[in-house]
Each structure stands twice: as structure tokens, then as C-alpha cells.
Amino acid sequence: MEVINSIAELRLRLASRGRIAFVPTMGNLHHGHLALVSLARQHADCVVVSIFVNPLQFGANEDLASYPRSLQADCEGLNQSGADIVFTPSESELYPVPQTVQVEPPPIAFDLCGKHRPVHFRGVCTVVAKLFNIVRPDVAIFGKKDYQQLFILREMVRQLEIPVEMLAGETMREADGLAMSSRNNLLNPAQRMEAPRLQRALQLVVQASRQGRRDFDAIEAQTTQYLTQLGWIVDYIAVRSASTLLTPLPDERQLLVLGAARLGMTRLIDNIEFAL
Ligand code: PAF
């Protein structure tokens, strides 16, 4: 496995590598990321993983400075998972001049997480478009834990005619149900014990919907109140159409419940797809 930090060198190395699968990450990798790398391995001759904590996708008061970084451990995990190339550009390599040209994401980017992180998806789309232009992958893999991100990036690829096949990897969970996330490392022991409750609360929403309730606003409000009483700061709990991410139409059956909430300073997100 090679670790490359220059765009020019990466382009040279990729010139003759056959079919390329690409897994963009911000590092501090866990089994969820490594599962995406294994999926990538099944779809290409060459697997490229990028590690870059993208400042463009963090708002002014967000956790860019404290975002966990663990390059050496990441490279060891990637080597064992079958990655061929790890691309680790510095900020000045990727953004040598201020990135004033940015990708404007679709309107859904300003709802759900985007309501609370208004610059986030513009930053994500911009860096992913840029990385796609550098790596020129045949296939790119993203996790379903970041369902809204996956949805928006698929829309970007479709509307901008970017010639890449988008694949989704399932959310990987700890034994107690907590979705794997780089931010889980930031939880203190008491918060870590409490964290799986977000997933359990989403399961209660699924259960209520399956029992025939369609008053999603009321279910969302009850779930928010339940978590708030237990010390969570809830950004949103939302039942949406799995195909549009909008409020479900009365006859829609393929749904998704998404949630974002904070324990202390650590923001966790999760979602469950379900059919009625
Ligand atoms: O999901 C992430 O880790 C990031 O948002 C991504 C896609 C690597 C862009 O920085």
C-alpha cells in the first residue's frame, strides 16, 4: 500500500491502474470505514482511500479543531483491509488558493442536518467533486449512516453527469447498537453508555409507524421530548420518504427515520430505513 500526498504523484500512479474504486474519508477510521474498503475491493483493480479533514464542511463553531485524527493507525487498518493507495493531501495541496468556486448543493441540503449545519453540504459536495476530479474513480463508496450526504452526493453526480457509479455501504454498529462513527471516540464513559439510546429511540419511531400511526409530527415531537428529558440536545428526529428525503406522501411505503442529537459537545447521527 502506498501513501501519497501530492495530487500530481497520485495522478501518475493512477494512470495505469485499471478500474478504480474510491472511498473518501476524514480519517480516524473504524470498522464501518474498513467495511467500505472491503466493498470497494470487490468492485475494482485498485482501491484508493482519501483521508482529509475538510475545513470547508465545518461551520465556524463546529469541531474542526477537535475532530479526531489518527493517521498511523488508519494506515495500518487500511493496509490490512486491502487498500492500494491512501491519498493524504495537506490543506495547502487541496486548497492552494481560497476555494471560492464551490458546488451549490440541492435544496434538501438545507434541511435536516443542513438546517443546523448550513455550510456543511456545500463543503462536502465541493471536496468530493474535487476529489473525484483528482482520482477519476469508476466507482465511489459512501456509508448509509450519513444518509443525507449519500443522497445529496448521488444527486450531485446525477445532475452534473459525473461518470462515477455510486455504491452505498450498510451502517456498521457496535454490539449495543450504536452506529460506528469517528466522533464516538469523543464521548466520555457516561455518554458512551447513553449513546445507543438514539438508535433505540429511532426504533420506537419505526415501531409506532408500523403499528399504523401516520401522525409523524407528533411521533417526532414525542421522541424529541423523550431524548431531551434524558439530557440529549436534539437537532431533529424526522420521518421522511426514503426516495426523496421529503415528508412522506400519504401512500408512501419506503420510509426512513433520521435523527441528529448531541450528548455534551458530541453530535451523533443515525437513521433506519423501513417499509410499511
Ligand atoms: O463522510 C465523510 O467522512 C466526509 O463528509 C467526506 C465524504 C469524506 C467528505 O469530506
Condition first: in a strand (DSSP E or B), surrounded by fewer than 22 Cβ atoms within 10 Å (Cβ to Cβ) and either modelled with pLDDT under 95 or within 10 Å of the ligand (Cβ to nearest atom) (or both). Now tell me which residues in segment 41-56 satisfy that. none
Please indicate, with yes or no, whether at least one residue in segment 63-77 is acidic (Asp, Glu), more than 12 Å from the ligand (Cβ to nearest atom), modelled with pLDDT under 95 and under 16 Å from the mean Cα position of the chain (by Cα). yes
When only residues in segment 157-191 that are in contact with a Pro (Cβ under 7 Å, 6 or more places away or on another chain) and of a type outside the set (Val, Ile, Thr) count, which is nearest to the ligand (Cβ to nearest atom)? Ser182
Looking at (1) in contact with a helix residue (DSSP H, G or I) (Cβ under 6 Å, 6 or more places away or on another chain); (2) of a type outside the set (Phe, Trp, Tyr); (3) assigned to a loop (DSSP other than H, G, I, E, B); (4) farther than 17 Å from Thr244 by Cα, can you tell me which one Ile141 breaks? (3)
Close pairs (9 angstrom Cβ cut-off, 6 or more residues apart or separate chains): free of Cβ contacts under 8 Å to residues at least 12 places away in the same chain in segment 24-53, crowded, with 21+ Cβ neighbours inside 10 Å and not in a loop (DSSP other than H, G, I, E, B) anywhere: Gln42/Ala21
Picking from Ile141, Ile152, the residue that is under 23 Å from Pro68 (Cβ atoms) and crowded, with 22+ Cβ neighbours inside 10 Å would be Ile141
Of Phe121, Phe142, which residue is within 13 Å of the ligand (Cβ to nearest atom) and either more than 19 Å from His43 (Cα to Cα) or over 15 Å from the mean Cα position of the chain (by Cα) (or both)? Phe121
Suppose the filter is assigned to a helix (DSSP H, G or I), free of Cβ contacts under 8 Å to residues at least 12 places away in the same chain and under 18 Å from Thr25 (Cα atoms); does Asn133 pass it? yes
If you check Gly59 against the conditions, is it in a loop (DSSP other than H, G, I, E, B) and more than 16 Å from the ligand (Cβ to nearest atom)? no
Here the residues within segment 200-229 that are of a type in the set (D, E, K, R) and in contact with a helix residue (DSSP H, G or I) (Cβ under 8 Å, 6 or more places away or on another chain) are Arg213, Glu220
I'd like to verify a number: residues in segment 227-245 that are in contact with a strand residue (DSSP E or B) (Cβ under 9 Å, 6 or more places away or on another chain) and either assigned to a helix (DSSP H, G or I) or closer than 11 Å to Ala261 by Cβ (or both), how many? 9
Determine whether segment 250-264 contains at least one residue that is touching a residue at least 40 places away in the same chain (Cβ under 8 Å) and among the charged types (D, E, K, R). no
Take the conditions within 13 Å of the ligand (Cβ to nearest atom) and at pLDDT 95 or above and apply them to Asp84. Does it pass? no
Return the only residue of Arg11, Arg17 being assigned to a loop (DSSP other than H, G, I, E, B), more than 14 Å from the ligand (Cβ to nearest atom), of a type in the set (D, E, K, R) and over 20 Å from the mean Cα position of the chain (by Cα). Arg17
Checklist (1) within 19 Å of the chain's Cα centre (by Cα); (2) at pLDDT below 95 applied to Ser38, failing item: (2)
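The values are calculated or read from the model by the stated rules, or taken from the named source; none is laboratory data. No experiment lies behind these values; they were computed from the predicted model shown. Cβ sites come from the backbone with ideal geometry, for glycine too, and all protein chains shown count toward neighbours.
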